[in-house]
Amino acid sequence: MHHPSHALALPRSLRRVGALGALTAAAFAVAVATAGPAAAHADVEAEGARALDQNVALNFSAASESASAGISKLEVVLPKGIAPGDITYKEGPDGWKFTATDRGYTVAGPKLPVGEDAEHVVTVRQLPDAKSLVFKTVQSYSDGKVDRWIELEEEGSSDGHGHGHPAPRLDLKPAA
């Protein structure tokens, strides 16, 4: 005998499981790839920042991924709406200097102890009216090794280079 309800339910549930299964597998792969203390990253934080806020301190942190060399330089590419002239250097590692570039800025100096993260703070004169800002960052080590924190989340899985080096991203609240 023919049961139309089963015939309809089966493909729909299979479809749903298939989509969920793929999502779960992808999420699991990401979790595995980013698990553990070796999961390095570069971050930017600004507590409660809103679009168009003025004089906002941005706290950058770039994790050390080298077991033998110290971080000696960070190059930051500024997102659209923030010009190098809008940035003021507040603080960073001892002896490091801030230099504006045509696309952003660098902070560089004596190499940090092996395994020590590079942290620095800059002030932005005014944030642009945007939902989020991406600060592509290239991190150089004393032995010439380079970590490129430049991947955009949208393209991370589709370009085949998924090494998990997302660019630091700051999500902004809507303008006040």
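The values are calculated or read from the model by the stated rules, or taken from the named source; none is laboratory data. None of the values given here were measured: they were computed from a predicted structure. Note that each Cβ is placed from the backbone with ideal geometry, even for glycine, and that neighbours are counted across all protein chains shown. With ligands, DNA and RNA removed, areas are computed over all heavy atoms of the protein, side chains included. Shrake-Rupley method; radii C 1.70, N 1.55, O 1.52, S 1.80 Å.
Can you confirm whether ASN59 is loosely packed, with under 13 Cβ neighbours inside 10 Å and either assigned to a strand (DSSP E or B) or touching a residue at least 60 places away in the same chain (Cβ under 8 Å) (or both)? Full working, then the answer.
Numbers: loosely packed, with under 13 Cβ neighbours inside 10 Å: no; either assigned to a strand (DSSP E or B) or touching a residue at least 60 places away in the same chain (Cβ under 8 Å) (or both): yes.
When the stated conditions are applied, ASN59 does not pass them.
Could you check the range 69-112 for strands (runs of 3 or more DSSP E) lying wholly inside it with 3 or more residues that are touching a Cys at 6+ places or on another chain (Cβ under 6 Å) and open to solvent by 60 Å² or more (accessible area, probe 1.4 Å)? It would help to see each step written out before you state the result.
Numbers: elements: 71-77, 87-91, 97-100, 104-108.
Correct list: empty, since no element meets the threshold.
Can you tell me which residues in the range 113-137 are within 19 Å of ALA62 (Cβ to Cβ) and open to solvent by 60 Å² or more (accessible area, probe 1.4 Å)?
PRO113, VAL114, GLU116, ASP117, GLU119, LYS136
Among what's in the range 108-138 and is polar (S, T, N, Q) and touching a residue at least 60 places away in the same chain (Cβ under 8 Å), pick the residue that is farthest from GLU75 (Cα to Cα). Quick ask: steps written out before the conclusion?
Filtering the range 108-138 for residues polar (S, T, N, Q) gives 123, 126, 132, 137.
Cutting the leftovers down to touching a residue at least 60 places away in the same chain (Cβ under 8 Å) gives us 123, 126, 137.
On the way: THR123: 16, GLN126: 21, THR137: 6 Å.
Taking the candidates together, the pick is GLN126.
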